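Here's the structure we're looking at; comments come further down.
The values are calculated or read from the model by the stated rules, or taken from the named source; none is laboratory data. This one's a predicted model, so the numbers in the text were calculated from it and none came from an experiment. Note: ideal-geometry Cβ built from the backbone for every residue, glycine included; neighbour counts use all protein chains shown. All accessible areas refer to the heavy atoms of the entire protein, side chains included, with ligands and DNA or RNA removed. Shrake-Rupley method; radii C 1.70, N 1.55, O 1.52, S 1.80 Å.
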Amino acid sequence: MGYGGRRAGGVLEDLLEKAGGCAVIDGGFATQLEKHGASINDPLWSALCLIKDPALIKLVHWEYLEAGADVLVTSSYQATIPGFLSRGLSIEEGESLLEKSVKLAVETRDRFWDNAKKVPENSYNRALVAASIGSYGAYLADGSEYSGYYGMDIDLAKLKDFHRRRLQVLVKAGADILAFETIPNKLEAQACAELLEEENVEIQSWICFSSMDGENAPSGESFEECLEILNKADRVSAVGINCAPPHFMESLICKFKKLTDKPIAVYPNSGEVWDGRAKRWLPSQCFGDDKFELYATRWRDLGAKLIGGCCRTTPSTIQAISKALKKGGKVENP
């Protein structure tokens, strides 16, 4: 097939080997913060807790590690320098909060792993910390990460400028990998891939798209177009889909398998639909933990290498996925 762009011997490959070929990403962050009483109805969303309640962030990380997550995604999805500036913070304060998002995850991971190592034959892997880099649309907080339409004045250079400083800070803060999330169009995927090259980023990264129809990127562009760019990007170690409905995953994994040789990550939402303008979840059919447990093995057998959850999934969802994947063996088509 020859769709290259993978550098061997990185932390991601090491984790996949330790995890038996398929590792577990954590689940919904804001969902769990709200469950513990956090009020995050704010343009900064879960990043608000970096300012108001960092201890709660560590608690949520810990819950996901206990549930069996092999990858902890930081609370920086909606944390951007422009977003912090709009809240009256200085650039230095904004950068400090970005650093804090990584440090909170690293400290929690290290403490958890120190404890786990003391238990003979524990079933845990030493988790990687993935610094979350939400799309430009996530910063806009207008739902455009689910439409892919950024307006006529947004070009490649502007998207790179938007992401550049945050990327630099998160790398320097000590993340193991970078997780570009809910990318809605080819232009932003290209901007992220080129930025990794321009900044000579040495840690590994993945780029995950969202999808509203189960066929294409939210912009309407085909994944063939989007992945053509990423296949040539040596610094992009994995590709995938996040925050799309779980019932899209099977066909999207099959599609991605034909289009790339890179490891595929899938971490869908619960199937509920987010109204980005009204800022609320619409009533809709959703996957329960039992379905995630059933389908996780199916997604793995189709070729997914990293599986987890996004919005509205919880530690119990991740526990169900982890339990299913660690059982081993193949299942019939559910």
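Under 17 Å from Lys58 (Cβ atoms) and modelled with pLDDT of 95 or more, is that true of Lys100? Considered against the rule, which asks whether it is under 17 Å from Lys58 (Cβ atoms) and modelled with pLDDT of 95 or more, Lys100 comes out as yes. Screening Val129 against (1) in a strand (DSSP E or B); (2) in contact with a Cys (Cβ under 9 Å, 6 or more places away or on another chain) leaves a single unmet condition, (2). Of the residues contained in segment 98-115, none is found to be under 27 Å from Glu215 (Cα atoms), open to solvent by less than 10 Å² (accessible area, probe 1.4 Å) and not in a loop (DSSP other than H, G, I, E, B). Residue selection: Ala141 fails the criterion of being buried (at least 24 other Cβ atoms within 10 Å of the Cβ) and either modelled with pLDDT of 95 or more or not acidic (Asp, Glu) (or both).
Residues that are open to solvent by 70 Å² or more (accessible area, probe 1.4 Å) and part of a loop (DSSP other than H, G, I, E, B) were ranked within segment 21-50; the one that is modelled with the highest pLDDT is His36. Name the single residue, out of those in segment 164-195 being touching a strand residue (DSSP E or B) at 6+ places or on another chain (Cβ under 6 Å) and part of a helix (DSSP H, G or I), that is farthest from Gly148 (Cα to Cα). The residue in question is Leu170. Here's a check for you: in segment 296-327, which residue that is open to solvent by 40 Å² or more (accessible area, probe 1.4 Å) and either at pLDDT below 95 or part of a strand (DSSP E or B) (or both) is farthest from Glu181 (Cα to Cα)? It comes out as Lys327.
From (1) aliphatic (A, V, I, L, M); (2) in contact with a strand residue (DSSP E or B) (Cβ under 6 Å, 6 or more places away or on another chain); (3) assigned to a loop (DSSP other than H, G, I, E, B), pick out the condition that doesn't hold for Leu15. Here Leu15 meets the rest and fails (3). Inside segment 144-160, residues that are surrounded by fewer than 16 Cβ atoms within 10 Å (Cβ to Cβ) and within 18 Å of Phe29 (Cβ to Cβ) make up a count of 0. Every test in (1) surrounded by 19 or more Cβ atoms within 10 Å (Cβ to Cβ); (2) in contact with a Lys or Arg (Cβ under 6 Å, 6 or more places away or on another chain) is passed by Leu128 save one, and that test is (2).
Within the option set Lys262, Lys279, Lys258, being modelled with pLDDT of 95 or more, open to solvent by 10 Å² or more (accessible area, probe 1.4 Å) and of a type outside the set (S, T, N, Q) holds for one residue only, Lys258. Might you let me know whether segment 146-163 holds any residue that is within 26 Å of Leu12 (Cβ to Cβ), in contact (Cβ under 8 Å) with a residue 60 or more places away in the chain and assigned to a helix (DSSP H, G or I)? Yes, there is a match, as at least one residue in segment 146-163 is within 26 Å of Leu12 (Cβ to Cβ), in contact (Cβ under 8 Å) with a residue 60 or more places away in the chain and assigned to a helix (DSSP H, G or I). Evaluate the following for Tyr136: is it closer than 22 Å to Ala191 by Cα and either over 21 Å from the mean Cα position of the chain (by Cα) or open to solvent by 30 Å² or more (accessible area, probe 1.4 Å) (or both)? So Tyr136 fits the description; yes. Residue count for segment 124-138 satisfying the condition of being modelled with pLDDT of 95 or more, out of contact with any Phe, Trp or Tyr (no Cβ under 6 Å at 6 or more places or on another chain) and not aliphatic (A, V, I, L, M): 3.
The C-beta contact set for segment 195-215 (first residue free of Cβ contacts under 8 Å to residues at least 40 places away in the same chain and open to solvent by less than 10 Å² (accessible area, probe 1.4 Å), second residue of a type in the set (S, T, N, Q) and part of a loop (DSSP other than H, G, I, E, B), distance under 7 angstrom, 6+ apart or interchain) comprises Ser205/Ser237.
Within segment 82-95, the set of residues being open to solvent by less than 60 Å² (accessible area, probe 1.4 Å) and part of a helix (DSSP H, G or I) comprises Pro82, Gly83, Phe84, Gly94, Glu95.
Pairing residues of segment 313-324 that are within 13 Å of Lys291 (Cβ to Cβ) with residues that are part of a helix (DSSP H, G or I) and aliphatic (A, V, I, L, M), at Cβ distances under 7 Å and at least 6 apart in sequence or on separate chains, gives Ile321/Ala296; Ala324/Ala296. Against the conditions (1) under 18 Å from Phe180 (Cα atoms); (2) touching a Ser or Thr at 6+ places or on another chain (Cβ under 6 Å), Glu99 satisfies every one except (2).
Quick check: is even one residue across segment 85-95 among the charged types (D, E, K, R) and either touching a strand residue (DSSP E or B) at 6+ places or on another chain (Cβ under 6 Å) or touching a residue at least 60 places away in the same chain (Cβ under 8 Å) (or both)? Yes, there is a match, as at least one residue in segment 85-95 is among the charged types (D, E, K, R) and either touching a strand residue (DSSP E or B) at 6+ places or on another chain (Cβ under 6 Å) or touching a residue at least 60 places away in the same chain (Cβ under 8 Å) (or both).
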